2 protein chains.
Amino acid sequence: MSIHVKPDDIRAAARRIAPVARRTPVLTSRTLNERCGAEVFLKAENFQRGGAFKIRGATNFLYSIPESDRARGVVAFSSGNHAQAVAIAARSLGMNATLVMPTDAPKSKLDATRAQGARIVPYDRFRESREEIGRAISAETGATLVPPFDHEWIVAGQGTCALELMAEVAGLDALVVPLGGGGLISGSALIAKDLSPAIRVYGVEPEAGNDYWLSRRRGERVEIASPDTIADGLRTTKPGAITFPLVERYVDEILLVGDAEIREAMRFLLSRMKILVEPSGAVGVAALLFGKLPAGAKRLGIVLSGGNVDLEFLATLA
Amino acid sequence: MSIHVKPDDIRAAARRIAPVARRTPVLTSRTLNERCGAEVFLKAENFQRGGAFKIRGATNFLYSIPESDRARGVVAFSSGNHAQAVAIAARSLGMNATLVMPTDAPKSKLDATRAQGARIVPYDRFRESREEIGRAISAETGATLVPPFDHEWIVAGQGTCALELMAEVAGLDALVVPLGGGGLISGSALIAKDLSPAIRVYGVEPEAGNDYWLSRRRGERVEIASPDTIADGLRTTKPGAITFPLVERYVDEILLVGDAEIREAMRFLLSRMKILVEPSGAVGVAALLFGKLPAGAKRLGIVLSGGNVDLEFLATLA
């Protein structure tokens, strides 16, 4: 399969999203460096608008919709970070957004999405298909459907995360990225290898949500059952048609971490570094702290992909 | 009483502490700005080494000890952030440090202090006086006693916090600082008014720990009973002999916030800004969110003084 995302698409995305997305800080920790015997640079997407990297892809996607289609708005389905990202990007561009969200989504996420001026269409997670509802709305209204990861415009937008990190930190020899649907890592790996061909790129999945790990072993996209993991952003069940070949080509190795390791990484980030990172965002640090990364890297970039955690969940870390 | 700390002492302290203390970032939040109708700049001392601003004063103090006395080391008593700061500063300077700490201090703080190579002398909080133990050690060994706040060298060191903030953010018209013993605010207010005479400086105390608020009303230092508040860093019972006149001269107003308001500020900082700030560090944001600040400020600096919170306490925020 030919690859339709080019490094220059990511550079173009960086210019497009600049008015909407934040250039997030890169954080370091003496404690982490001492513990790991490497220099570690954490790209803090938990400080991103909407609390996660998702705004990058959503903004790039919305800006890429032809002018003639923009007035009909956008529609997306998501219970999590993608919904809020689409709502923020749409508001910034003055477009209408409709979000198909489960009736039992956290009230904080429903409120945050509504606060951006988006219309919310609730659905029953156990009896209705959000894909069908989303497609029906798109067919009726002409609104453009914004997919969560499996699209070139999304991949190019998410790749700006690694582009920023590598522009700020020279000489990284490894990059570690959470792996869910694969939008973040495929864009990030593509631009990382373009900038620095020798860099090693690692994707990290939760043990229960190992669809990419299995797919790589089998050499084809494998579907798994809905995974039971605290990493709610990495619960995708099958690699994307566009993202899988990119991951196969640009990602060196796929690593797995358990929920207990993710919790320990979250505790470390909170109590030592004073930052809140969601379970999906902490998998890279979990891989580092628990020795899952191949030895040898001296300058290590890790993407903390988001920070949206309910305080109720946080209480379970004590 | 004549004032013995000069703005140039703070500038000198900034040069002295540069190799040890971090230049902490200044954070902003669209949500906070929109909610308050002002531009708010948060000085993130929770990202400081040791997790709090205390390293500034401790380092300046240790560097100011005459060469001839340094070999005999330092001694300090503290159950909290001051202990860790003295331990870190001493290690950086190759000095011996003895910390008098309560036997029931959180294990995490004892471990962190010990990890810096400091000697810990435990004492029984209910039966022994840490001041007496500290002074006895000082008398026996010749170690210099490092006071937690009431000393010119400490005040000058803490003032570097506001010096950095104002160098980074031009045109602040108000500065909001947590008020415990008064070391942080007196140094900060002194340099702030030197740099910008029209700036308004506000100190924030917990309602239960209102020793400065009462002392200002009476025009003299008042002692209160040991206060019951979650803001463990602001439980001092009496203004300092050196810090009180500085606060009287340079601080425009003293504001009070309740524990419930502090908790709400911590929740905001965690869930919206993804940062962990300890109760004492969140009082400024509590004052802002609950309308305690006089109206009119358009560009507002707030010091988040630290981020050392046990996960057990965090669990009570849910």
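The values are calculated or read from the model by the stated rules, or taken from the named source; none is laboratory data. What you see is a predicted model, and the numbers here were worked out from it, not measured in a lab. We place every Cβ from the backbone using ideal geometry, glycine too, and count neighbours over all the protein chains shown.
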### Message
Just the residues that are farther than 10 Å from B:Val20 by Cβ and outside any loop (DSSP other than H, G, I, E, B), please, taken from the stretch B:91-104.
### Response
B:Ala97, B:Thr98, B:Leu99, B:Val100, B:Met101, B:Pro102
### Query
What tally of residues in the stretch A:166-179 results from selecting those that are out of contact with any helix residue (DSSP H, G or I) (no Cβ under 8 Å at 6 or more places or on another chain) and within 23 Å of A:Glu278 (Cα to Cα)?
1
### Failed criterion for B:Ile191 (all others in (1) surrounded by 21 or more Cβ atoms within 10 Å (Cβ to Cβ); (2) within 20 Å of B:Leu317 (Cβ to Cβ); (3) within 19 Å of the chain's Cα centre (by Cα) hold)
(2)
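How many residues are surrounded by fewer than 15 Cβ atoms within 10 Å (Cβ to Cβ) and either within 14 Å of another protein chain (Cβ to nearest Cβ) or closer than 21 Å to B:Ala136 by Cα (or both) if we restrict to the stretch B:87-113?
Matching residues across the stretch B:87-113 total 4.
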### Task
Please enumerate the residues belonging to the stretch B:218-233 that are at pLDDT 95 or above and assigned to a helix (DSSP H, G or I).
B:Arg218
#### Entry: Close pairs from the stretch A:289-318: first within 8 Å of chain B (Cβ to nearest Cβ), partner small (Gly, Ala, Ser) and not in a strand (DSSP E or B), Cβ under 6 Å, at least 6 apart
A:Gly307/A:Gly51; A:Leu311/B:Ala318; A:Glu312/B:Ala318; A:Ala315/B:Ala315; A:Ala315/B:Ala318; A:Ala318/B:Ala315
### Task
Check the stretch A:126-136 and report whether any residue there is modelled with pLDDT under 95 and within 22 Å of A:Gly50 (Cβ to Cβ).
yes
### Message
Anything in the stretch B:1-42 that is assigned to a helix (DSSP H, G or I), away from every other protein chain (no Cβ under 14 Å) and surrounded by fewer than 14 Cβ atoms within 10 Å (Cβ to Cβ)? List them, or say none.
### Response
B:Asp8, B:Arg15
### Message
Take the residues in the stretch B:46-68 that are at the interface with chain A (Cβ under 10 Å from one of its Cβ atoms) and part of a helix (DSSP H, G or I); name whichever of them is farthest from B:Ala167 (Cα to Cα).
### Response
B:Gly51
### Message
I'm trying to understand the selection: among the residues of the stretch A:260-274, which are more than 8 Å from chain B (Cβ to nearest Cβ) and among the small types (Gly, Ala, Ser)?
### Response
A:Ala260, A:Ala265
#### Entry: Which listed residue, of A:Val257, A:Val251, A:Val277, is β-branched (Val, Ile, Thr) and within 14 Å of another protein chain (Cβ to nearest Cβ)
A:Val277
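Output yes when any residue across the stretch A:118-128 is within 24 Å of A:Pro239 (Cβ to Cβ), outside any helix (DSSP H, G or I) and not charged (D, E, K, R), and no when none is.
Checking the stretch A:118-128: not a single residue is within 24 Å of A:Pro239 (Cβ to Cβ), outside any helix (DSSP H, G or I) and not charged (D, E, K, R).
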